[in-house]
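So the structure is just underneath, and the comments pick up after that.
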Amino acid sequence: MRLIEEEYFRRFPDLRNESVWFFLDQVQEVEGWESYARTLLDRRWPRLILSGSSSRLLSGEVATQMRGRSLTLEVKPFSFKEYLRWKGLSPETYPESSTRSIIEKCLLEYLDTGGFPEVLPLEEMFHRQLLQNYVNTVIFRDVVDRWGVTNITLLKYVVRRLLTSCSCRTSVNRIFIEAKSNGLHCSKNTVHEYLGYLEDAYLVESMFIETASERRRMTNPRKVYAIDPGLVNAFVGRSGGWGLGRALEDAVFVELRRRGCTPSYVMSKNGFEIDFSFMDESGEHILMQVCSKLDEKNVLERETRALAADTRKALRLIVTLHEERNITRDGLEIVILPAWKWFGSI
């Protein structure tokens with residue numbers, strides 16, 4: 001790797017004492033890259049960018065190899081704002097009534113196809129095939145090859161079980177019991193390990209119940225979200241209740257993580273669930289529900305009763321596909337906001 005540096009300064013010797021950017025892509029393919037990267041950092045004048053596949057270059061490993069002298073940037077699929085830019089639309093300003101229908105149509109397409117850039121230009125018939133290939137790549141390259149997994153049947157079962165449970169509460173113990181009942185040989189620890197591998201490979205991410213007790217946090221069911229809603233739609237289709245509501249919740253979770261928030265879900269003493277509880281960038285506490293529509297009376301009742309049951313000082317928000325209004329329940333104001341506006345709010 002030192003040949004890169006030697007050849008560069010052979011061509012531009014006057015820049016030896018200037019700040020120089022080094023971009024090393026797929027650096028994990030070179031044995032001993034860590035030593036060379038640290039050597040560059042020790043000289044202080046270079047600016048070093050390392051990039052590579054998550055299968056062999058985990059962010060934690062980079063931080064360890066760089067002795068903590070690194071900042072990590074995760075490259076995720078397009079957000080909805082980025083998706084709009086790809087479509088040639090402006091997400092910075094809320095659309096006028098003449099263009100709002102276009103933005104809403106784009107949101108439905110985004111929830112169906114997702115935000116992987118390579119998928120978007122393809123004809124619809126190829127979307128599903130490429131996204132399925134992405135999931136299979138994670139299974140075989142990022143998990144099987146990296147971690148030496150031999151029980152591939154169980155791994156595939158865990159993947160399918162997690163994707164069909166996206167935006168719903170689930171537990172490792174439940175997956176373990178169901179796997180055993182389907183004749184798969186495994187242990188609970190193995191299922192835990194596989195879930196950890198899939199999170200390291202950025203296929204799914206877990207969200208836990210909001211509690212000060214670490215024991216309660218780990219023993220209560222978690223909610224699992226895919227890194228992109230298109231993956232779930234392509235891999236499991238519309239089965240198991242997967243639809244616009246759960247796809248929207250998945251996209252909201254990914255956007256919250258992109259904004260640096262650490263959301264949890266809330267369960268009241270009466271068993272009412274709040275989808276997300278988090279602190280935003282300004283430090284304001286937000287309690288959020290996500291649903292596709294509120295046009296049925298029992299849906300509005302269900303979503304608002306959970307928000308009203310939590311009496312803490314917080315902004316209460318319901319994100320839905322189309323509606324926008326403010327309502328009051330039990331003396332508490334609840335803001336209903338269309339998803340396209342919330343996605344473009346920052």
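Quick look at the values:
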read-out	value
Top-ranked residue of segment 170-196 - restricted to ones that are hydroxyl-bearing (S, T, Y) and free of Cβ contacts under 8 Å to residues at least 24 places away in the same chain, ranked as farthest from T219 (Cα to Cα)	S181
Sole residue being out of contact with any helix residue (DSSP H, G or I) (no Cβ under 6 Å at 6 or more places or on another chain), among the basic types (K, R), modelled with pLDDT of 90 or more and over 25 Å from I175 (Cα atoms), chosen from R259, R246	R259
Lone unmet requirement of (1) of a type in the set (D, E); (2) in contact (Cβ under 8 Å) with a residue 24 or more places away in the chain; (3) closer than 30 Å to G88 by Cα; (4) surrounded by fewer than 19 Cβ atoms within 10 Å (Cβ to Cβ) for D228	(4)
Filtered residues of segment 138-156 (kept if in contact (Cβ under 8 Å) with a residue 24 or more places away in the chain and either of a type in the set (A, V, I, L, M) or outside the structural domain of D200 (by TED's automatic domain parsing) (or both))	V138, V143, V149, L154, L155
Segment 196-215 - residue that is modelled with pLDDT under 95 and among the acidic types (D, E) and, of those, surrounded by the fewest Cβ atoms within 10 Å (Cβ to Cβ)	E214
Number of the condition not met by E18 [criteria: (1) of a type in the set (D, E, K, R); (2) modelled with pLDDT of 90 or more; (3) exposed (fewer than 11 other Cβ atoms within 10 Å of the Cβ)]	(2)
Evaluation of K269 against (1) charged (D, E, K, R); (2) closer than 24 Å to K341 by Cα; (3) surrounded by fewer than 21 Cβ atoms within 10 Å (Cβ to Cβ) (one fails), failing number	(2)
Matching residues in segment 104-140 - criterion: being outside any helix (DSSP H, G or I) and of a type in the set (D, E, K, R)	E118, E123
Whichever residue in segment 141-183 is in a helix (DSSP H, G or I) and small (G, A, S) and, among such residues, is nearest to the chain's Cα centre (by Cα)	A179
Options V135, V159: the member that is in contact (Cβ under 8 Å) with a residue 40 or more places away in the chain, within 18 Å of I175 (Cα to Cα) and touching a Leu at 6+ places or on another chain (Cβ under 7 Å)	V159
Any chance T93 is modelled with pLDDT under 80, among the β-branched types (V, I, T) and within 24 Å of F253 (Cα to Cα)	yes
Hits in segment 307-346 (condition: assigned to a loop (DSSP other than H, G, I, E, B), without any contact (Cβ under 8 Å) to a residue 60 or more places away in the chain, in contact with a strand residue (DSSP E or B) (Cβ under 7 Å, 6 or more places away or on another chain) and closer than 23 Å to S101 by Cβ)	E323, E324
Some residue of segment 315-322 being farther than 15 Å from L244 by Cβ, modelled with pLDDT under 95 and of a type outside the set (A, V, I, L, M)	no
Qualifying residue in segment 111-123 (condition: more than 25 Å from S79 (Cβ to Cβ), in the same structural domain as E178 (by TED's automatic domain parsing) and modelled with pLDDT under 95)	no
Set S282, S292: member being surrounded by fewer than 18 Cβ atoms within 10 Å (Cβ to Cβ) and of a type in the set (S, T, N, Q)	S282
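The values are calculated or read from the model by the stated rules, or taken from the named source; none is laboratory data. Owing to the predicted nature of the structure, the values given are computational and were not obtained by experimental measurement. Glycine gets a Cβ as well: all are built from the backbone with ideal geometry, and neighbour counts include every protein chain shown.
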